[in-house]
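Note sheet for the following structure.
The values are calculated or read from the model by the stated rules, or taken from the named source; none is laboratory data. Note that this is a predicted model, so its numbers are computed, not measured. Glycine gets a Cβ as well: all are built from the backbone with ideal geometry, and neighbour counts include every protein chain shown.
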Amino acid sequence: MVSKLTSDSLPSYWPYPLTPKPGELLSSWLARNSFYSGLNPYRFCQRLLPNTPIWDRDIDRYIPIKVAEELSLLSGISCTIIESMTFGVMQKNAYSNWSEIESVTPMILSLGMHGRSRFHFGLQYCPYCLNENSYFRKCWRLAFNTHCDQHGCQLLDACPFCEEKIIPHRAEHVDLCWKCKRNLSLSNVSEIAASVIPKKQRLSVSPDGVICCDLSLGASSTAILRNFRSLIKVVVEVNHDKLVNASGSKKLQFELLRVNARKEITKILEEILAAWPESFHKYMVRNNVTQRKFSRSKYDEFMTCEIEKLPIGRKVHRVYKPVVYTEELKNLKRRSIKQYRVDRSNTLLKDCVDA
Ligand SMILES: [Zn+2]
Ligand SMILES: [Zn+2]
């Protein structure tokens, strides 16, 4: 008698582990392996690593070492390679690289995870690259990357057919949209070609958190990146209305923005950096930016010396001047704030009636 194959009779080891592709994201590799094994990614990971949360966390941003070791043991792929498919190094260096630590990892697009759903469009892709080789690249999670250098087209951060977020592990295959099930790589070529950016992006970030830029600023790459992140805040403030229109949202944190808004910011940054420091001053003067705009963040020497050349700016004094504030009321305020408010109101009311 042939026994029926049930989920419990499936082997718990990894039958045919696929090799990670160059620059592949861990989530993409796991999803590809799942589909190859004929299981959906939730089921696949549940069988391999029972009771280990995989898909309800951003595994590409950070993977606990214990999980990486287990995956390594099961797949035969080294732990170093598995960790290199995540932004773990960038995450680990966050404290030493960034002056302000925020809830998102600087320069990595936020997914806005909430169970199985996502609030942000944190995964982008190039339809041509995806068509050539069906897997998701690490560079597509970087906030600076808004276009594909190889194909010269703007990256897409949503399904071109239904505008849904890109979540490969919820689909039936890596390159299909999980919602409308259409092939993501079959985007309208002529539409994409219209947004071709001919030149190479001047700014990019390596997955280790090192900035790559064709500028000679005489500062370490980490310092450049840290300063540029603060500079982005100034650019966002100066172009607030324009960016709100481009993003359709009032939340203008760089890593939360959609590709069009980030493209605008990157364009402005490139203009500021085009011929440093002249281009920086030209932009700031044209937009009436003073030193005060930079006062909220810390900068390294190569930036500070340029910021100090800008006009100081007017200090806005916001001093509370009460309408009625006699010596008697002042003493009363110290003793009883409740009675002070009553007496103050009565005094104001009396003044109004007398007038
Ligand atoms: Zn491409
Ligand atoms: Zn779709």
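Structure above, values below:
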{"item": "Those residues of segment 57-69 which are surrounded by fewer than 16 Cβ atoms within 10 Å (Cβ to Cβ) and in a helix (DSSP H, G or I), in sequence order", "result": "I65, K66, E69"}
{"item": "E270 being at pLDDT below 90 and either farther than 19 Å from V236 by Cβ or not charged (D, E, K, R) (or both)", "result": "no"}
{"item": "Unique match (being of a type in the set (F, W, Y) and surrounded by fewer than 16 Cβ atoms within 10 Å (Cβ to Cβ)) among Y299, Y340, Y325", "result": "Y325"}
{"item": "Any chance V244 is touching a Lys or Arg at 6+ places or on another chain (Cβ under 7 Å) and either within 21 Å of G112 (Cα to Cα) or among the polar types (S, T, N, Q) (or both)", "result": "yes"}
{"item": "Some residue of segment 278-288 being more than 24 Å from L243 (Cα to Cα) and either loosely packed, with under 11 Cβ neighbours inside 10 Å or at pLDDT 90 or above (or both)", "result": "yes"}
{"item": "Those residues of segment 123-143 which are away from ligand 2 (no atom under 16 Å from the Cβ), crowded, with 23+ Cβ neighbours inside 10 Å, in contact (Cβ under 8 Å) with a residue 60 or more places away in the chain and assigned to a loop (DSSP other than H, G, I, E, B), in sequence order", "result": "A143"}
{"item": "Test set (1) at pLDDT 90 or above; (2) within 15 Å of A158 (Cβ to Cβ); (3) away from ligand 1 (no atom under 16 Å from the Cβ); (4) surrounded by fewer than 20 Cβ atoms within 10 Å (Cβ to Cβ) - H173 fails condition number", "result": "(2)"}
{"item": "Answer from S195, S110, S190 - the residue that is among the small types (G, A, S), modelled with pLDDT under 95, part of a helix (DSSP H, G or I) and more than 16 Å from ligand 2 (Cβ to nearest atom)", "result": "S190"}
{"item": "Scope segment 18-54; condition among the aliphatic types (A, V, I, L, M) and more than 15 Å from S75 (Cα to Cα); matching residues", "result": "L25, L39, I54"}
{"item": "Subset of segment 165-181 [under 21 Å from R258 (Cα atoms) and within 10 Å of ligand 2 (Cβ to nearest atom)]", "result": "K165, I166, L176, C177, W178, K179, C180"}
{"item": "Check on C159, surrounded by 19 or more Cβ atoms within 10 Å (Cβ to Cβ) and within 12 Å of ligand 2 (Cβ to nearest atom)", "result": "yes"}
{"item": "Selection from segment 242-296 of residues that are hydroxyl-bearing (S, T, Y) and either under 16 Å from H120 (Cβ atoms) or within 19 Å of the chain's Cα centre (by Cα) (or both)", "result": "S247, S249, T266"}
{"item": "Hits in segment 31-56 - residues which are loosely packed, with under 15 Cβ neighbours inside 10 Å and either polar (S, T, N, Q) or under 24 Å from the mean Cα position of the chain (by Cα) (or both)", "result": "N51, T52, P53, D56"}
{"item": "Which listed residue is hydroxyl-bearing (S, T, Y) and in contact with an Asp or Glu (Cβ under 8 Å, 6 or more places away or on another chain), from S336, S295, S345, S279", "result": "S279"}
